[in-house]
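See structure below.
A short reminder: the numbers here are calculations on the coordinates, not readings from a lab. Keep in mind it's a predicted model, so treat the numbers as computed, not measured. Cβ placement follows ideal geometry from the backbone for every residue including glycine, while neighbour counts extend to all protein chains displayed.
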Amino acid sequence: MSNPPALPGDRHVDRAKIEAYLLHPVASRGKAAFFEAYGFTRLRWEQLRDALLEHAAVGRLDEAVVSPWGTRYIVRGALLTPDGRQPPPQLCSVWQMDHGDQGARLITAYPD
């Protein structure tokens, strides 16, 4: 069995993905409450962006699925939090590199 393709080193998280989705009280479908419980806020959205980028860098790549649109990567592991919670919460993040792109973008993240 071969290893999945590596998650690209060039990754980005759009501000709107955090403010209008992950930390939005309605659109997040409960994810906002999870992230807020660990000290993340819409006012300081950069903290969640940075934590998600770190999560992708050090987390465990569980799966890479190639589709007609690109490759989707599923990463699992600890999420560093603004309040330094120990043990840190476990998170699953999903990233996608569309065909023709050089980097991967965050699709979603949720408790694992």
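I need the full set of residues from segment 31-50 which are out of contact with any strand residue (DSSP E or B) (no Cβ under 9 Å at 6 or more places or on another chain) and not charged (D, E, K, R), in order please. First the steps, then the outcome.
First pass over segment 31-50, keeping only residues out of contact with any strand residue (DSSP E or B) (no Cβ under 9 Å at 6 or more places or on another chain): 32-33, 36-47, 50.
The answer is ALA32, ALA33, ALA37, TYR38, GLY39, PHE40, THR41, LEU43, TRP45, GLN47.
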Considering residues of segment 13-43 that are in contact (Cβ under 8 Å) with a residue 12 or more places away in the chain and surrounded by fewer than 14 Cβ atoms within 10 Å (Cβ to Cβ) only, the residue farthest from ASP83 (Cα to Cα): ASP14
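Mind listing just one residue for me: the one in segment 74-100 that is among the aliphatic types (A, V, I, L, M) and in contact with a Leu (Cβ under 9 Å, 6 or more places away or on another chain) and, of those, surrounded by the fewest Cβ atoms within 10 Å (Cβ to Cβ)?
Step one: filter segment 74-100 for residues among the aliphatic types (A, V, I, L, M), giving 74-75, 78-80, 91, 94, 97.
Now restrict to residues that are in contact with a Leu (Cβ under 9 Å, 6 or more places away or on another chain): 74-75, 78-79, 91, 94, 97.
Values: ILE74: 19, VAL75: 25, ALA78: 19, LEU79: 24, LEU91: 22, VAL94: 16, MET97: 21.
Across segment 74-100, the extreme among qualifying residues is VAL94.
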Just one of ALA37, ALA57, ALA104 is hydrophobic (A, V, I, L, M, F, W, C), more than 9 Å from the chain's Cα centre (by Cα) and within 19 Å of HIS24 (Cα to Cα); which is it? ALA37
